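Notes to accompany the following structure.
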Amino acid sequence: MEEAEKPRAGDKFCCISKLKVFLLALSLAFVGKTMSGAYMNSMYTQIEKQFNIPASLVGIINGSFEIGNLLLIAFVSYFGAKLHRPRIIALGCTILSFGCLLISLPHFLFGRYRIESSISPRENFSVMPLCLVNQSLLSLPTEEPSAECEKEPGSLLWIFVMVGNIVRGMGETPIMPLGISYLEDFAKAENSPFYLGCLHTATVIGPFLGFLLASFCAEVFVDLGSVDKEDITITATDARWVGAWWLGILICASLNLLAGIPFWFLPKSLVKEGETNEPEETSKKSVVLLQENGKNEAKQTMYEIAKDFIPFLKALFRNPVYMLFICITVLQFSAFNGMISFMPKYLEQQFGKSASDAIFLIGVYNLPVICVGYFFGGLFMKKFKINIYQAANIAFWVSLLEYLLYFAAYWTICDTSPVAGLTVSYEGIEQVSYAENTLPAGCNRDCDCPLKIWDPVCGSNGITYVSPCLAGCKASRGTGKNMVFENCTCVAASGFSSQNVSAILGECDGEENCDKMLHYFLILSLVCSFIFSLAAMPGYMVLIRSLKPEEKSFGVGIHGLASRVFAGIPSPIYFGALIDTTCLKWGTVTCGGEGACRMYDIVTYRWLYLGLPAILRGVSYIPSALILLILKKKVKSESHVLLEAPVEMQDKVQETLK
């Protein structure tokens, strides 16, 4: 057993300064880990498009972080406090950094990103035949993939991202529990809340920086420095656009590696903050006592550990408030985790925003108000000395108010531009089709167009066509983003009276009120985030106060375990799988198979994205109401005991109730 480091000259200052160094390093580690988490959550849509994978696979990649966390949480919780905590945190930061590097590795193995297109970006003649073009000249994906093509290694590189995410979860595991316990052990009791407040501030700064970094990287094309701007024929709002997702994760890797360096040089233990140097004899006795305790702990058998473990577990399972609270957490966390994971995609699809704008707006509108809500929720609890029943009532009714406001999101509707053959017929009649057989029509039947390509053009009639060929365009002029397609028979067939039957690259813009509806949605999101965060602290107090002092550490650990196993891992997977069912047009991989979804049935998508969380949260109010009934009954019985107690005992009982 190592000795607590003995202070030298200026010993009190020495110990305090080392604790402050630890606090500063831990704050930086908190910034690094939360920044990495926010960045990754924002970039899953870019990874989906880079590797041409469905949203359900993206959900598995998202949940893999929690799997990595679970692999080490039990080991860290039990053995971590007995080992050299700063060095374990340093090792965690290093592993976290390595996980980030592993996530970025596929970009360098993948080669250049191929934009799915039906035209050659290098054509430099002004008029190019389209409708009757020889498809082989354009290097289009074949309808039937060859056996060699199916074995292409690039299609499985997303596995590196998943493994990197698991490693990232393993690296993050020791930072918070060991860091907070180290601070609690060697900080003054009156300084501890301030230090914890610094860490909470870091957990807000980290995600905010992560969102800003993600917004910047999503605006930069993935093949940064290796592609000429003239060769990029799509904009950041295009469904095929992929931002430089790998760049930000490398920055996160560097930050986490730097954050871990100071911990390697910090001692295993310190003299408690504010204590004077003990006499040498007392110090030696303390060290001997610590060594004896360590030997006794080492001699514990698995039976003795299990002997303590099983009664604690039984006590928790027999605690109705605690078990009902776990049910609430699983349901609520499933709803919010699924929503947050796919919120950038929702803003992209529903309101036609680029990934960069969507990520930036989510960070700016939600994070600051959540921080303010946590602060005022905690301040209210402290000022009015709320008891457990009052805290449960506040959490229930405030959360219910936010839940009812949430339904206003169904009115923030923005209809995207109609797409011929998918959401409208070629004559402009509304219809929704999930099959490719509606893409050919009389106006393009002789063109022999590939049906799997997604290369949208906007007709002069305001209708989007899946490709220039399916729009029946016979010629084009210009190059790059300025290319214009002419003599489009399907644009003319829609009854458009003008003789200028042309089309331009990209989808048509949505309704004019889309920006206004987006602002309504974001303001509603801001208000709901603030109200719900007000209820978070009273709700957490119900969890803490439902446990006996000796059960708290274990109870909070089991609560975290349950929320990860039953919500953190599965919710992104089934949210992604349900979102995939609303896909109208799949992209195409090099081999001709299905890739990432390019266009969704936005009405069904909206009902699923908003409806599933509403159902999960609605069910969560059943155990919430049961908790209120149990606590109300408990308070009544304790009040009855209080009335019958002697006068001198009433004050003590009242304090206990609080």
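The values are calculated or read from the model by the stated rules, or taken from the named source; none is laboratory data. Predicted model, so just to flag it, every value in this text is computed and none were measured. Glycine gets a Cβ as well: all are built from the backbone with ideal geometry, and neighbour counts include every protein chain shown. Surface accessibility is based on the protein's heavy atoms, side chains included, excluding ligands, DNA and RNA. Shrake-Rupley method; radii C 1.70, N 1.55, O 1.52, S 1.80 Å.
On a 31 Å Cα-Cα criterion, which of the cross-link pairs K383/K516; K383/K632; K33/K268; K345/K452; K18/K383; K33/K634 come out too long?
Values: K383/K516 40 Å; K383/K632 22 Å; K33/K268 22 Å; K345/K452 22 Å; K18/K383 33 Å; K33/K634 41 Å.
Among K383/K516; K383/K632; K33/K268; K345/K452; K18/K383; K33/K634, the Cα-Cα distance tops 31 Å for K383/K516; K18/K383; K33/K634.
Go through the stretch 535-601 and name the GluC sites (Glu not before Pro) that are in a DSSP coil and have 13 or fewer other Cβ atoms within 10 Å of their Cβ.
Sparse-neighbourhood loop GluC sites (Glu not before Pro): none present.
Step by step: find N for the stretch 313-457, compute 2.2 N^0.38 Å, then divide the Cα radius of gyration by it. What's the final number?
Values: Rg = 24.3 Å, N = 145, 2.2 N^0.38 = 14.6 Å.
Against the compact-globule rule of thumb, the ratio is 1.66.
Within the set K20/K82; K229/K481; K20/K188, which residue pairs have Cα atoms separated by over 20 Å?
Check vs 20 Å cut-off fails for K20/K82.
Are there trypsin sites (Lys or Arg not before Pro) in the stretch 371-440 that DSSP marks as loop and that have at most 12 other Cβ atoms within 10 Å, and which are they?
K385
For C597, which sequence-distant residues (separation of 5 or more, or a different chain) have an amide H within less than 5 Å of its own amide H, given hydrogens modelled in the peptide plane?
HN-HN under 5 Å from C597: A55, G587.
Over the stretch 427-542, what percent of the accessible surface lies on carbon and sulfur atoms, probe 1.4 Å?
Details: 2830 of 5410 Å².
The value for the stretch 427-542 is 52 percent carbon and sulfur by accessible area.
Using Cα centres only, tell me the gap between the stretch 17-33 and the stretch 337-391 in whole Å.
25 Å
Could you check how much of the accessible area of the stretch 177-273 is carbon and sulfur, as a whole percent, using a 1.4 Å probe?
Of all accessible area on the stretch 177-273, carbon and sulfur atoms account for 70 percent.
In the stretch 318-447, with Lys and Arg counted as +1 and Asp and Glu as -1 at Cβ, which of these residues, S341, I328, I386, has the Cα nearest the positive end of the dipole, that is, farthest along it?
Selected residue: I386.
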